[in-house]
Amino acid sequence: MTAVLDIGNSNIVLSLEKDGVFENTIRIFTDTKKTGDEYYVILNTLLNDEGVDRSIVRRAVISSVVPFITRSFEKNMKRLFSVDPLIVTNSVESGLVKESIPPELGSDLLCNASYAHHRLKDRSVMVVDFGTALTTTSVDKNGRVLGVTIAPDAARRRERRPDRTRGR
């Protein structure tokens, strides 16, 4: 079993994967003010509540777009599962054509593209991710990254924008 951790700007998601099936998914709010110990207590408690047998976890993978807290989670994955996690970067062997991977491509989008390519090996794929931003990542059937789009979430922008029509 593999523990996969996605550290995003809005949420941190931990899930356990076995034979292409993801289970025991835990989602918590990303808060860069929390310490590694606070995150450990949260994850440990939630894993215990789920009744997860951590001894069957043999591998761990971390994708992070929040570098400030990546190291804390690397330590916590070791504490929680007794394994050294793989930290995904553009230099990791992903099964995609290395020369086609843009250097600025985030590890979250790289993971999406790599996983989709491996699941649908004989097809070109496009992954749409509705996260903090709306992203699309396209990969051809040979594993070449064709392109990426990133669009801000308009609803979140509206929440932050002051209402200029009040008081008129």
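On region 1-69, 50 percent of the accessible area sits on carbon and sulfur atoms, based on a 1.4 Å probe. Per-residue Karplus couplings for region 139-147, computed as 6.51 cos²θ - 1.76 cosθ + 1.60 with θ equal to phi - 60°, are listed in order as 9, 7, 5, 8, x, 8, 6, 8, x Hz, Gly and Pro entered as x.
Applying a threshold of 28 Å to the alpha-carbon distances of 34/121; 75/121; 33/75; 75/141; 78/121 flags 34/121; 75/121; 75/141; 78/121 as lying beyond it. Heavy-atom accessible surface of residue 27, to the nearest 10 Å², is about 150 Å², with a 1.4 Å probe and all protein chains retained. Computed on protein heavy atoms with a 1.4 Å probe, the accessible areas place 120, 5 in the order 120, 5, largest first.
Amide H contacts of residue 124 (H built 1.01 Å from N, in plane; Pro and chain starts excluded): 141 sit under 5 Å, all sequence-distant by 5 or more or on other chains. Across region 1-144, C-alpha contacts under 8 Å between residues 6 or more apart give a mean separation that, scaled by the residue count, equals a relative contact order of 20 percent.
Hydrophobic long helices, here whole DSSP H runs in the chain with Kyte-Doolittle means of at least 1.6 and Cα atoms spread over 30 Å or more along the helix axis, are not found.
Per residue, the accessible area of the chain comes to 61 Å², computed with a 1.4 Å probe over protein heavy atoms only. Within the same chain, aspartates and glutamates fewer than 8 places from residue 18 are excluded, and of the rest, those with a Cα less than 17 Å from its Cα are 6, 50, 53. Full extension of the segment from residue 144 to residue 55, taken as 0.36 nm per residue of separation minus the current Cα-Cα distance, would add 28.4 nm. Shown are 15, 82, whose ranking by accessible area with a 1.4 Å probe and every protein chain present, most to least, is 82, 15. Dipole orientation for the chain: of the candidates 2, 89, 120, 89 has the Cα lying most toward the positive pole (charges on Cβ; Lys, Arg +1; Asp, Glu -1).
The values are calculated or read from the model by the stated rules, or taken from the named source; none is laboratory data. Bear in mind that the values here come from a model prediction, so they are computed numbers and not experimental data. Positions of Cβ are backbone-derived with ideal geometry, glycine not excepted, and every protein chain shown enters the neighbour counts. The protein model used for the area step is the full one, side chains on, heavy atoms only, and it has no ligands, DNA or RNA in it. Shrake-Rupley method; radii C 1.70, N 1.55, O 1.52, S 1.80 Å.
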